[in-house]
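A quick write-up on the structure given underneath.
Just so it is clear, none of the values below were taken in a lab; they were calculated from the coordinates. Not measured: the values here are computed from a predicted model.
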Amino acid sequence: MDTAQQIINHSIIALLAAQFLKFITFSVKEKTFQPRALISTGGMPSSHSALVTSLTASIYLYEGIGLYFAISLTLALVVIHDSMGIRLEASKHAMM
């Protein structure tokens, strides 16, 4: 398996792991089986943040610091910052 495929695989595994953890935590919190949490958006852990973080870490581990790492790090910072902002605004909206 080539490096690019391994990086993609690690990123997808991180996304799926985050969604599965979201399902587990939501089901425990609600005290009932919640299959909709497997495909839901929002909430913690953030699957899109897990995806870009894993992508950045994998690129760093396989390629080191270079152009692709810089691009993925920039993307990860934007995605994580955006998801934190959305969660903050959603929590403010929920309090009203």
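Quick notes
- Shape call, the stretch 1-78: gyration tensor on alpha carbons, a/c limit 1.5: prolate
- Computed lengthening from L21 to M44, 0.36 nm per intervening residue step minus Cα-Cα distance: 7.4 nm
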